[in-house]
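Working notes for the structure below.
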Amino acid sequence: MPLQALAHLVATCCYLGYMPWAPGSATSLVTAAILFVAPPCSINLTVILSLFFGVVGVWAAHRVQKRGLDPDPAHVVIDEVLGMIVALAAVPQVWWMYLLVFALFRFFDIYKPFPILWVEKSLPGGWGIMMDDVVAGVMARVTVALILLLVHT
């Protein structure tokens, strides 16, 4: 398989990025579902998964993005996988918490409040595509932590 075809396969998460409706949300939901049914990950494994998807994702997203005119093509969805891994780090495997994290992550990823849009615009190619979702994931995770803190107080 040529490298460009492999990059396209990875960047689109086996063509999930070509869903006719909301490919980013669909990929985020699939990722959350996979992580929900998988055995709980230690923080070390979460870091390793994040680094793996980050490195591979930057490479693949950059290769796919530079072949088109769009700086963040909608069919590139590997960034949603990484963002959800970050957002779900150390979240208890309870269905409503995963749904809350999913909703918050999609909110931050779609509306891109500061600093998400700044990160996307400031970093070149695959870095901008991937890192804005990392920041959205961090913001979703911090928001869930604050909600849990308020509820348990």
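All of the numbers you see were taken from the coordinates with simple rules; none came from a lab. Since this is a predicted model, take the numbers as computed values, not measurements. FYI the Cβ positions are ideal-geometry reconstructions off the backbone, even for glycines, and counts take in every protein chain you see.
Please get the size of the charge dipole for region 1-144, origin at its Cα centre, with Cβ charges of +1 on Lys and Arg and -1 on Asp and Glu, quoted in debye to the nearest 20.
Values: 7 positive and 8 negative charges, 20 e Å.
For region 1-144, the charge dipole is close to 100 debye.
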- dims of region 36-111, Cα set, principal axes, largest to smallest, nearest Å -> 40, 27, 17
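Roughly what percent of Cα-Cα pairs across region 1-82 reach past 16 Å?
Values: 1753 of 3321 pairs.
I get 53 percent for the Cα pairs in region 1-82 exceeding 16 Å.
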- Note on the structure: Summed over the other residues with a beta carbon less than 13 angstrom from that of Lys121, with K and R at +1 and D and E at -1, the charge totals -2
- Message: Can you show me the helix-derived [θ] at 222 nm for the chain, built from DSSP H runs with n ≥ 4 at -39,500 (n - 2.57) apiece and divided by the number of residues, rounded to the nearest 500.
- Response: -23000 deg cm²/dmol
- Hz values of 3J(HN,Hα) by residue in region 134-141 - Karplus curve (6.51, -1.76, 1.60), Gly and Pro given as x: 4, 5, 4, x, 5, 5, 5, 5
- Message: If you take every residue apart from Val58 with its C-beta less than 15 Å away from the C-beta of Val58, what net charge results, scoring Lys and Arg +1 and Asp and Glu -1?
- Response: -4
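Can you give the relative contact order of region 62-148 as a percent, counting alpha carbon pairs under 8 Å and 6+ residues apart?
41 percent
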- For region 3-151, the spread of Cα positions along each principal axis, largest first, Å: 47, 32, 31
- Ranked highest first by average number of other Cβ atoms within 10 Å, how do 107-118, 38-49 line up? 107-118, 38-49
- Note on the structure: For the pair Ser42 and Leu6, the simple spin-label estimate (label points 7 Å beyond Cα toward Cβ) gives in nm 3.0 nm
- Message: Let me check against my output: what whole-number percent is the relative contact order of region 1-96, with C-alpha pairs under 8 Å and at least 6 apart?
- Response: 46 percent
- Counting sequence-distant residues (5 or more places) and residues on other chains, those with an amide H built under 5 Å from that of Leu88 are none
- Message: Can you compute 3J(HN,Hα) from phi for each residue in region 118-125, using the Karplus curve 6.51 cos²θ - 1.76 cosθ + 1.60 with θ = phi - 60°, rounded to whole Hz and x for Gly and Pro?
- Response: 4, 4, 4, 7, 7, 9, x, x
